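Notes follow once the structure below has been shown.
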Amino acid sequence: MPVFHFEKATPGDALQVALIMAEAVGDDIMERTIANGGRIPETDKERMEKLCQVALREDTLYSYLHCTLVRTADGQTAGGLIAYPGDDYIQRRTTTFDIVRDLIQFDTEKMDAEVQPHEFYLDSMAVWPQYRRQGIARKLMQHGIALGKEAKRPVTLACAPDNTGAHRLYTSLGFHDAGKLFIFGEDYIRMELPF
C-alpha cells in the first residue's frame with residue numbers, strides 16, 4: 001500500500017483545490033481531466049479558471065489556506081479536504097459566490113448558513129479516483145476532526161441524503177444527524193460532532 005502524507009495547500013495547488021471544490025458538488029471534471037491525460041478539457045477551462053481564482057484568494061470559503069492535501073511519497077496529489085472555522089462565513093461566502101456567480105444554478109440568497117461562527121466546518125473532500133478505497137477519505141476526516149478539536153469547536157458538515165456511503169463513514173467517526181440544511185438548491189443532512 002502506498003505511503004501518504006498531509007500537506008497544507010499553497011497557491012501553487014490552486015488547481016487541486018479547484019478540483020476538490022468541483023468534485024464535492026458532484027461535477028465529474030476530475031474524471032474528465034484524468035481521462036484527458038491530466039489536462040483540463042477545453043470545455044472545462046473557463047469554469048476551472050474561475051474556481052482557481054476562488055482557490056487563490058485568501059478571503060473565500062475555498063481558499064488554499066483552508067485546504068489540506070494528501071500526497072503520495074512521490075508528490076502526487078491523492079485527495080484533499082477543505083475545512084475552516086465559521087468566523088466570517090457569510091462574508092467569505094458572498095465573496096466566493098460573487099466570483100462564480102455565472103456558474104451558479106441556484107439562488108444563493110435562499111441558502112442556509114452551512115456553519116455557525118462557533119463551529120468548525122468540514123466543507124469539501126475529494127479523493128482522486130485512482131486512490132479511492134485505500135482509507136484516504138477516513139484519514140482526511142480524522143484530520144479535519146483533529147483540526148476542529150484543536151480549535152476547541154464542534155465539528156460540522158453537510159451530507160447529501162442520497163450519499164449513504166459518506167453518511168455511514170461520518171456516523172462511524174462519531175457524527176450524528178443534527179437537522180437539515182438547504183444549500184446549493186437542495187436539502188442536505190446537517191451532521192455534528194460535539195466538542
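The values are calculated or read from the model by the stated rules, or taken from the named source; none is laboratory data. Keep in mind it's a predicted model, so treat the numbers as computed, not measured. Positions of Cβ are generated from backbone atoms using ideal geometry, with glycine treated the same way; all protein chains shown enter the neighbour counts. The area values use the complete protein model at the heavy-atom level, side chains included, leaving out ligands, DNA and RNA. Shrake-Rupley method; radii C 1.70, N 1.55, O 1.52, S 1.80 Å.
Annotations
- Number of residues in segment 160-181 that are modelled with pLDDT of 95 or more, closer than 16 Å to residue 113 by Cα and open to solvent by less than 70 Å² (accessible area, probe 1.4 Å): the value is 3.
- Residue count, segment 97-113 (criterion: at pLDDT below 85, in contact with a Phe, Trp or Tyr (Cβ under 7 Å, 6 or more places away or on another chain) and either more than 12 Å from residue 184 (Cβ to Cβ) or outside any helix (DSSP H, G or I) (or both)): 2
- Segment 71-86, residues that are at pLDDT 95 or above and open to solvent by 30 Å² or more (accessible area, probe 1.4 Å): 85
- The lone exception for residue 118 - which of (1) more than 26 Å from residue 53 (Cα to Cα); (2) touching a residue at least 12 places away in the same chain (Cβ under 8 Å); (3) open to solvent by less than 40 Å² (accessible area, probe 1.4 Å) it fails: (3)
- Extreme residue, nearest to residue 87 (Cα to Cα), among residues of segment 46-65 that are open to solvent by 30 Å² or more (accessible area, probe 1.4 Å) and not charged (D, E, K, R): 65
- Test result for residue 65, assigned to a helix (DSSP H, G or I) and closer than 23 Å to residue 146 by Cβ: yes
- When segment 144-162 is filtered for residues that are in a helix (DSSP H, G or I), touching a strand residue (DSSP E or B) at 6+ places or on another chain (Cβ under 6 Å) and of a type outside the set (A, V, I, L, M, F, W, C), the ones remaining, listed by number, are 144, 148.
- Test: residue in segment 126-138 that is touching a Lys or Arg at 6+ places or on another chain (Cβ under 8 Å) and part of a loop (DSSP other than H, G, I, E, B): no
- All conditions in (1) in contact with a helix residue (DSSP H, G or I) (Cβ under 9 Å, 6 or more places away or on another chain); (2) among the polar types (S, T, N, Q); (3) surrounded by fewer than 21 Cβ atoms within 10 Å (Cβ to Cβ) hold for residue 142, with the sole exception of (1).
- Filter pass, residue 89 being under 12 Å from the mean Cα position of the chain (by Cα) and among the aromatic types (Phe, Trp, Tyr): no
- Residue check for residue 184: among the aromatic types (Phe, Trp, Tyr), open to solvent by 40 Å² or more (accessible area, probe 1.4 Å) and more than 15 Å from residue 83 (Cβ to Cβ): yes
- Being of a type in the set (S, T, N, Q), out of contact with any strand residue (DSSP E or B) (no Cβ under 7 Å at 6 or more places or on another chain) and open to solvent by less than 10 Å² (accessible area, probe 1.4 Å) holds for only one residue in 96, 68, 43, and it is 96.
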